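The values are calculated or read from the model by the stated rules, or taken from the named source; none is laboratory data. None of these values were measured; they are calculated from a predicted model. Heads up, the Cβs are rebuilt from the backbone with ideal geometry, glycines too, and the neighbour counts pull from every protein chain shown. Ligands, DNA and RNA are excluded from the accessible area calculation, which covers all protein heavy atoms including side chains. Shrake-Rupley method; radii C 1.70, N 1.55, O 1.52, S 1.80 Å.
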Amino acid sequence: MVSSNPRIERFMTNLRESLVDGNYYEGHQELRAIAIRLVKQKKHQRAIQLLYLGALELCQYNQWGSVADLAAFMINIYVEEKVPVTDESRERIYDIFEKLSQATEYYPRVYQAAIQWSISAMGNKVGDTQLHHFIGCILRNKTRFQEAEQHYLVGTPE
């Protein structure tokens, strides 16, 4: 996903340079600081886009703790701003989940936050069934069958 906002593109170019130099922590903290500024300015969509793109960029460097933190921050904005469950909002989460699933210690924190967001956004007890099904598939692929089953029970329409 390429940003249509020149400021975000400029920041992402700077972030990439910083990451190539091995300045992962600095890049992560800059991302958070700018996202916080955008949220305070009520530019929530830009903050979401920045966090999403930044998390994907950090995935390339296996910075899973930072990826989980940025994904959780993005989902927190979803909750606070009552972002509805749409293909676009779901796809951002899917993109990050697929990569983050390599780091099993961080994965539950993020998928639990996503499920809570989908419950509040959809106003039901279980949340988005497609999200549950996707999480079940990821967990199954990681041979976490018992956990996967819980999501399949909610996320499989049959």
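Checking L139 against (1) within 15 Å of the chain's Cα centre (by Cα); (2) open to solvent by less than 30 Å² (accessible area, probe 1.4 Å): exactly one of these is not met. Which one?
Condition (1) is where L139 drops out.
Starting from the stretch 34-63, keep only residues that are closer than 17 Å to N76 by Cβ and modelled with pLDDT of 95 or more, then list their pairs with residues that are open to solvent by 30 Å² or more (accessible area, probe 1.4 Å) and basic (K, R) whose Cβ atoms are within a distance under 6 Å, requiring at least 6 positions of separation or different chains.
L38/R46
Determine whether A113 is in a helix (DSSP H, G or I), farther than 29 Å from E9 by Cα and not charged (D, E, K, R).
Taking the combined requirement at face value, the residue does not satisfy it.
Would you pick out the residues in the stretch 102-133 that are open to solvent by 30 Å² or more (accessible area, probe 1.4 Å), over 19 Å from C59 (Cα atoms) and over 14 Å from the mean Cα position of the chain (by Cα)?
Result: I119, S120, A121, M122, G123, N124, K125, V126, T129, Q130, H133.
What number goes with the only condition from (1) under 19 Å from the mean Cα position of the chain (by Cα); (2) surrounded by 14 or more Cβ atoms within 10 Å (Cβ to Cβ) that N5 does not pass?
(1)
Going by the structure shown, is D95 among the acidic types (D, E) and within 26 Å of S118 (Cβ to Cβ)? Outline the logic, then answer.
Numbers: among the acidic types (D, E): yes; within 26 Å of S118 (Cβ to Cβ): yes.
Taking the combined requirement at face value, the residue satisfies it.
From (1) under 29 Å from I34 (Cβ atoms); (2) open to solvent by 30 Å² or more (accessible area, probe 1.4 Å); (3) aromatic (F, W, Y); (4) not in a loop (DSSP other than H, G, I, E, B), pick out the condition that doesn't hold for Y152.
Result: Y152 fails condition (1) only.
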